[in-house]
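The values are calculated or read from the model by the stated rules, or taken from the named source; none is laboratory data. Every value quoted in this text rests on a predicted model; they were computed, and no experiment measured them. Ideal geometry is used to build each Cβ from the backbone, glycine not excepted, and the neighbour counts take in all protein chains shown.
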Amino acid sequence: MALPFQNRLGIIHELLQKKGNNSQFYKFIADPPTTTMQRLKALTTGSLPTFVDAGANFASAKVLEDNILRQMVKRGKNITFMGDDTWVSLFDDFRKAFPYPSFNVKDLHTVDNGVIKHLIPELKKRDWNLFIAHFLGVDHCGHRYGPNHPAMAAKLEQMDDVLRSIVGELKNDTLLVVIGDHGMTATGDHGGDSPEEVEAAAFFYSPKEMFENPKKDKIETISQIDLVPTLSLLLDLPIPFSNLGTILADFFSSKSSINSQLERLKVLQINSQQISRYLQTYIKQSDEFNHRQYSELEKLLEKCQKDLKEIIQRIKIDRKFEGVTKVLNEIESNYKTYLHSTKEMCRLIWAKFDTDWMLSGGILLLMNIVVFIFLLNLEEMDIKNITSIFFVHFIVFISCVISNLLASIIVGPTVIYTLTKCKMTNENILLCFFTILFNIIHLSNSFVVHEDKILQFLLTSIVWFMAYRTSASSKKLHLLLVVFFFSISIRISREFCACREEQGQDCTATRWLKPLSSISDNLSGYKQMRFLLSLSAISTASGGISLWLKAVGSLNSFSPPIVSFKYIVPICILSNCVHWALQLLPNNVYEKLDSWIIVAPPRLTYLLITVSILLTLIYPLCVMEISKFNSIPQTNNLIPLIFERLKTKKTPPIVFGLLTVYSSPILIVLICLTVTLSLLVGDSYTPSLGK
Ligand SMILES: [Zn+2]
């Protein structure tokens, strides 16, 4: 018996049977991730999806890469769009748009009914060159009920009716393309790389006979990006710059005569030259390719070009036809090999899931949870335990690089040891629960997209909960004030949140996120205000720590961390300021500066901070001992000296800064990291670090 989703699109079957010369059917494979936004980008640019989008800019999620829609608009052609509103968040190129909200997956009908309402009237107007109708009901039906449900059958039958009405409206110069951008699992989900998710179908139909050799025993498989160069040439447009798809030569001529074979070779040549041009540009900026493979492919392309030129000469000028078909077949197969191999080479570096590194990430995440649970019980632990757990953490980190098996062998006993050592109070159990919960969300796509908001919510909730549970009533007011300001800080920090591209219209980036150097000179007042704010934020942060260290008496010692805090950190802050001040210069002056002037201040900061952190790690103590002669001891190793004095029963030593013996070096390392980070993230984020 057929499943609910089978045999519902009867129109496709009928057309393939009755009008074989007018229709084509392919298995249509998506590159993971199989999410709609990534699919739409691939189907318009022809490039492979990457998690870190090279073109992602600060203020918008729009597609910036060259794409088929932009090429159409450039040539004065009109696009009518209706359906899933993801399109309008990615493109501005529609002359007419009827977007409907795609957010509510429980809603099976709003988008589809909207499209159906406008579809036929707009088709009839014939004021378009490209007509996009993106139905969403089948996808939402999958999310809500899964594919094996009567609702899916009903939805697909509705789509069958829609397709029939479209076919009735088509004129001879029109090509109907029916595609799915991704598949779905048995539970109706998609996003990953399983066969159920990446396999979709593509059906092509035109009232004019286009395909001369349609009878095939097996359904051919094509990549989704292959649609881009094919549609480009059919619409008489240049192929988008970063396209990696292979043209479907059947669409141009599928006969075996010499002339139609030459026609096919011409489109394959255009496609190959476009890809070669793109790779040449790309390879100048990146050395990810295997250079030997790349140069072999370029040699193959050169050979194709040379052979094609020679054979055309032989046919058109010398009029010698002997053995021509064999040579033409060979050239065609070489072109196809070139196109296929370049796509595979790029797929290897751009769309790869590295399971080894993913596992390492998982192990480190688990280790972090263990360390967190450990730190919760800090009051019952002594310094030896703390050092050993951080040491184990470090070993796990290193062994992840060597082998995941080794890392898991170390993590296992650590987890058991931690759990047996911990005395869990009710609060700690709750905190652990929150932490584990927060780490579990990494398994869910939609939670990861809004991770920043979830983290802020959890942080605020935990802090208020802790304040509520604290019993000491004398300090309650003080505590409430601290918690209140902490919550406000968290709220303000949203101003500095960068948008993930998946958040789309849910997130608008603030003006903070533009680096100083990219702000136009007309806004010089704003530029200076930003500079002063960054400056004051970082000075306040280090000034505050300085006051605190002074208050606890640590600032008087001559230990390496204190020396680096007192002298090196200010130099670094100064050099950061020089770096930002250079960016305040008008753009035409800044561009003329020698490059060493631009890189010198940040490099100085990196060098000095590395030295400070290393020194602090080697001699972490920030205490000062005053002997009875009030002379400051010259040794850095104070602890043995103190014990020596206690043992020999001399006057007990007076030591400053012992109360904060652990926290002072941590604070100093933190401020060192802040100074470095402020360089890395740019001046725009610095106020957030200062906070
Ligand atoms: Zn979906």
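Which one is modelled with the highest pLDDT among residues in the stretch 196-219 that are charged (D, E, K, R) and touching a Lys or Arg at 6+ places or on another chain (Cβ under 7 Å)? Talk me through it step by step, then tell me what you get.
As a first pass, look at the stretch 196-219 and keep what is charged (D, E, K, R): 196-197, 199, 208-209, 212, 215-218.
Cutting the leftovers down to touching a Lys or Arg at 6+ places or on another chain (Cβ under 7 Å) gives us 199, 212.
Values: Glu199: 93, Glu212: 74.
Out of the qualifying residues, it is Glu199.
All but one of (1) modelled with pLDDT of 85 or more; (2) in the same structural domain as Lys421 (by TED's automatic domain parsing) hold for Asn368, so report the exception by its number.
Going through (1) modelled with pLDDT of 85 or more; (2) in the same structural domain as Lys421 (by TED's automatic domain parsing) one by one, Asn368 breaks only (1).
Which one of the conditions (1) surrounded by 12 or more Cβ atoms within 10 Å (Cβ to Cβ); (2) more than 28 Å from the chain's Cα centre (by Cα); (3) at pLDDT 90 or above does Lys309 fail to meet, given that it meets all the rest?
Tallying (1) surrounded by 12 or more Cβ atoms within 10 Å (Cβ to Cβ); (2) more than 28 Å from the chain's Cα centre (by Cα); (3) at pLDDT 90 or above, Lys309 fails exactly one: (1).
Collect the residues in the stretch 312-328 that are within 21 Å of Ile270 (Cβ to Cβ) and either touching a residue at least 60 places away in the same chain (Cβ under 8 Å) or under 38 Å from the mean Cα position of the chain (by Cα) (or both), keeping them in residue-number order. Can you show your working first?
Initially, the stretch 312-328 is screened for residues within 21 Å of Ile270 (Cβ to Cβ), giving 312-313, 315-316, 327-328.
The one that is within 21 Å of Ile270 (Cβ to Cβ) and either touching a residue at least 60 places away in the same chain (Cβ under 8 Å) or under 38 Å from the mean Cα position of the chain (by Cα) (or both): Leu328.
I'd like to know if the stretch 200-210 contains one or more residues that are within 22 Å of Val105 (Cβ to Cβ) and either in contact with a His (Cβ under 7 Å, 6 or more places away or on another chain) or assigned to a loop (DSSP other than H, G, I, E, B) (or both).
Scanning the stretch 200-210, I find at least one residue that is within 22 Å of Val105 (Cβ to Cβ) and either in contact with a His (Cβ under 7 Å, 6 or more places away or on another chain) or assigned to a loop (DSSP other than H, G, I, E, B) (or both), so the answer is yes.
Output the residues belonging to the stretch 179-190 that are more than 12 Å from the ligand (Cβ to nearest atom) and either modelled with pLDDT of 90 or more or buried (at least 17 other Cβ atoms within 10 Å of the Cβ) (or both).
Within the stretch 179-190, Ile179 is the sole residue that qualifies.
Pairs needed: first member in the stretch 132-154, touching a residue at least 60 places away in the same chain (Cβ under 8 Å); second member anywhere, within 13 Å of the ligand (Cβ to nearest atom) and in a loop (DSSP other than H, G, I, E, B); C-beta distance under 7 Å; at least 6 residues apart or different chains.
Between residues of the stretch 132-154 that are touching a residue at least 60 places away in the same chain (Cβ under 8 Å) and residues that are within 13 Å of the ligand (Cβ to nearest atom) and in a loop (DSSP other than H, G, I, E, B), the close pairs are Pro147/Met184; Pro147/Gly188.
Anything in the stretch 121-165 that is farther than 21 Å from Leu108 by Cα and of a type outside the set (A, V, I, L, M, F, W, C)? List them, or say none. Steps first, answer last, please.
First, the residues of the stretch 121-165 that are farther than 21 Å from Leu108 by Cα: 121-131.
If the condition is that a residue be farther than 21 Å from Leu108 by Cα and of a type outside the set (A, V, I, L, M, F, W, C), then Pro121, Glu122, Lys124, Lys125, Arg126, Asp127, Asn129 are the ones that fit.
Give the residue, chosen from Ser575, Ser517, that is buried (at least 17 other Cβ atoms within 10 Å of the Cβ), modelled with pLDDT of 75 or more and assigned to a helix (DSSP H, G or I). Outline the logic, then answer.
On the way: Ser517 fails: modelled with pLDDT of 75 or more.
Within the list Ser575, Ser517, the selection yields Ser575.
Can you tell which of Phe91, Phe103, Phe98, Phe81 is loosely packed, with under 15 Cβ neighbours inside 10 Å and aromatic (Phe, Trp, Tyr)? Spell out the reasoning first.
Details: Phe91 fails: loosely packed, with under 15 Cβ neighbours inside 10 Å; Phe98 fails: loosely packed, with under 15 Cβ neighbours inside 10 Å; Phe81 fails: loosely packed, with under 15 Cβ neighbours inside 10 Å.
Answer to the selection: Phe103.
Checking Ala541 against (1) farther than 23 Å from Thr676 by Cα; (2) at pLDDT 70 or above; (3) in contact with a helix residue (DSSP H, G or I) (Cβ under 6 Å, 6 or more places away or on another chain), which single condition isn't satisfied?
Ala541 satisfies every listed condition except (1).
Which one is nearest to Asp161 (Cα to Cα), of the residues in the stretch 96-114 that are more than 16 Å from the ligand (Cβ to nearest atom) and either not hydrophobic (A, V, I, L, M, F, W, C) or not assigned by TED's automatic domain parsing to the domain that holds Lys171 (or both)?
Within the stretch 96-114, the subset more than 16 Å from the ligand (Cβ to nearest atom) is 96-99, 113-114.
Restricting the remaining residues to those that are either not hydrophobic (A, V, I, L, M, F, W, C) or not assigned by TED's automatic domain parsing to the domain that holds Lys171 (or both) gives 96, 99, 113-114.
Details: Lys96: 24, Pro99: 21, Asn113: 13, Gly114: 15 Å.
The residue in question is Asn113.
Kindly indicate whether any position in the stretch 131-141 is in contact with a Ser or Thr (Cβ under 9 Å, 6 or more places away or on another chain), within 19 Å of Leu235 (Cβ to Cβ), within 15 Å of the ligand (Cβ to nearest atom) and not acidic (Asp, Glu).
yes
Would you point out the residue of the stretch 152-178, among those that are buried (at least 16 other Cβ atoms within 10 Å of the Cβ) and more than 23 Å from Lys124 (Cβ to Cβ), that is farthest from the ligand (Cβ to nearest atom)?
Taking the candidates together, the pick is Ala153.
Return the only residue of Lys117, Lys124 being more than 23 Å from Leu9 (Cα to Cα), away from the ligand (no atom under 16 Å from the Cβ) and surrounded by fewer than 16 Cβ atoms within 10 Å (Cβ to Cβ). Steps first, answer last, please.
Details: Lys117 fails: more than 23 Å from Leu9 (Cα to Cα).
Result of the check over Lys117, Lys124: Lys124.
Name the pairs: first residue in the stretch 183-199 and in the same structural domain as Gly142 (by TED's automatic domain parsing) and of a type outside the set (D, E, K, R), second residue away from the ligand (no atom under 11 Å from the Cβ) and assigned to a helix (DSSP H, G or I), Cβ to Cβ under 6 Å, at least 6 apart or on different chains?
Gly183/Glu196; Thr185/Glu196
Exactly one of these conditions fails for Asp193: (1) part of a loop (DSSP other than H, G, I, E, B); (2) within 16 Å of the ligand (Cβ to nearest atom); (3) modelled with pLDDT of 85 or more. Give me its number.
The number of the failed condition is (3).
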